[in-house]
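What follows is a single structure, written as structure tokens, with notes after it.
The values are calculated or read from the model by the stated rules, or taken from the named source; none is laboratory data. From a predicted model like this one, the values you see are computed outputs, not experimental measurements. Here the Cβ is made from the backbone with ideal geometry for all residues, glycine too, and neighbour counts use every protein chain on show. Ligands, DNA and RNA are stripped out before the accessible areas are found, and what is left, the full protein with its side chains, is counted by its heavy atoms. Shrake-Rupley method; radii C 1.70, N 1.55, O 1.52, S 1.80 Å.
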Amino acid sequence: MMKHILAAALWGFVMAVAFPVYAQQPKENNLGSLWSQVADYYSGIKSKTAEVEAANYQQRAVKSNQLPQLKAQAQNTYGTYEGSLGAFFPQAGFFNVSGAAVPIESSTSAANTFASATVNWELYSFGKLRKQNQAAGALYQQALSEKEAYLLRLKKLLSERYINLLYNQAKWNWTQKQVERLNDIRKTTAGLSASGLRPAADSLLASSSHIQALGEQHKWEGFKNASLIKLLELYGGDTVDYMESSERFIQLSQGAVNQFSSVDSAHPILHALEEKSQYYTLSGEAQKRASLPTVSLLGGYSYRGTGIQTNEPVSGSWKDGFNNTATNYLVGIGITWDISALQRDHLKGEKLFKEAESVQQLQLQYKQAMQADLAASQSKIAQQYQQLIQTDQAVKQSQAAYQMYLARYKSGLIALSELLQIQNLLEQAANLHMEASRDYWMQLAYEAELTTDFDYLFNHL
């Protein structure tokens, strides 16, 4: 019984230790996980988000025009009082100095206190405010679509930089293998030359080929580092683990060919143009209606104090400016109509309609071009996949042939020039395969931008 208890306790201890270690194992890296970090870091996305928020505030500001417009003012002045009595509601910044004629022995100036509040509520504006609100809403939707279009371009840019990094890494890996093969040939040739079985020129030729391969490896080392720097500009980290993606890069992976038959009309680029055209149309309608009259509800209240008294001497003392108070109010309905703006607003509206028509035609042009690009891209992807199958077979057959010729060279059955020729054929086959892989993934990235679907690319690379 005690043995079972000890065994159970030991097993529990092992699981307690092993589970955190297992849980801390890094997830399999892919392009999708990299994008999630780019989306949190890249300042360009934050800039577009700020533009959307600005458009939202603008929409709310335009919408607030439908609310009653309330103005208030308060003033205390000291000055002359030529004029006549009367109740009035001056705009903010205009001062009340009116008064009545008084005996000569009075003060020639007096203090005044005035406070007022006015309200102006447009009851009916023949749809001007409604069209302005709709135009502001279209501008906000345009900002949203432009952000989505920017995210698509950024996803494509990230994919292209990642693919270039994987391509340069694959080229570097291949040059490293090439250096190892040529170094093996160099050592073999040096031994055969030392034993007199091969001429000394073969040793020099093998050494020259090896040195050239080393130079090529340094070249791709620079390309690889440069592409990593470009990727980190989006990523924001010090490095990125892409070794597993590098293996998937040269593997045969057939994409979803011909899954999409047409470009969606809701594509962010097309939708942004549609909203832009809608904005111009609504702005044109609002501009034409701007020349129509506006019916407003008016209201106001005022408080006035002054040192001027009826049939009494005028007091020039500041404290008396709060005496002789009077309050007034007004309510009513007013109609405002700028008749002279009829022709001007009509022409401005027609101009906006033409701009809306221009954007509509541009949207149609974009849609046709994107549809043609999608069909062309799908055709390329299908043929490039077939090319990948063939180049992969060519590489495998070249590798097998190289091993056979290497064994024959070591046995003295063929010359070094024949072996190097086979090695060059192997190099050409490998280069074609890597270039075909890069072109294939690039076309998948381009198709993903046209179809707004990066799932396959993010999950398989």
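General observations
- In the complete set of protein chains, residue-level accessible area for residue 271 is approximately 50 Å², probe 1.4 angstrom.
- Taking label points 7 Å from Cα along the Cα-to-Cβ direction, residue 195 and residue 343 give a separation of 10.6 nm.
- Taking a straight Cα-Cα cut-off under 24 Å and skipping sequence neighbours fewer than 8 places away in the same chain, the lysines within cross-link reach of residue 348 are 63, 128, 131, 276, 288.
- Within the stretch 321-424: Cβ-based charge dipole about Cα centre, in debye rounded to nearest 20 (Lys, Arg +1; Asp, Glu -1): 480 debye
- Among 439-452, 407-420, sorting by the average number of other beta carbon atoms lying within 10 angstrom of each residue, highest first, gives 439-452, 407-420.
- The label point for residue 244 and the one for residue 72, both projected 7 Å from the Cα toward the Cβ, are 6.4 nm apart.
- Residue-wise HN-Hα coupling along the stretch 161-176, computed from phi with Karplus coefficients 6.51, -1.76, 1.60 (Hz; x: Gly, Pro): 5, 5, 5, 4, 4, 5, 5, 5, 5, 5, 4, 5, 4, 5, 5, 5
- Cross-link reach list, lysines versus residue 155, counting only Cα pairs under 20 Å and skipping chain neighbours closer than eight places: 46, 48, 147, 230
- Within the straight-line cut-off of under 29 Å between alpha carbons, the lysines reachable from residue 410 are 171, 177, 187, 396, sequence neighbours fewer than 8 places apart in one chain being disregarded.
- Phi angles across the stretch 419-433 convert, under the Karplus curve 6.51 cos²θ - 1.76 cosθ + 1.60 with θ = phi - 60°, into 3J(HN,Hα) values of 5, 5, 5, 5, 4, 5, 5, 5, 5, 4, 5, 5, 4, 4, 5 Hz, Gly and Pro given as x.
- Per-peptide average of other Cβ atoms within 10 Å, ordering 365-378, 274-287 highest first: 274-287, 365-378
- Extension reserve of the residue 418-residue 230 stretch, reckoned as 0.36 nm per residue once the Cα distance is removed: 63.6 nm
- Length gained when the stretch residue 399-residue 176 is fully extended (0.36 nm per residue, less Cα-Cα span): 78.8 nm
- Karplus-derived 3J(HN,Hα), 6.51/-1.76/1.60, for each residue of the stretch 192-209, Hz, glycine and proline x: 5, 5, 5, 8, x, 7, 10, x, 5, 4, 4, 5, 5, 5, 5, 5, 4, 5
- Debye, to nearest 20: dipole size of the stretch 396-461, +1 on Lys, Arg Cβ, -1 on Asp, Glu Cβ: 660 debye
- Dipole orientation for the stretch 303-461: of the candidates 317, 352, 383, 383 has the Cα lying most toward the positive pole (charges on Cβ; Lys, Arg +1; Asp, Glu -1).
- Under a 5 Å amide H cut-off, with hydrogens placed 1.01 Å from N, residue 267 pairs with nothing among residues at least 5 apart or on other chains.
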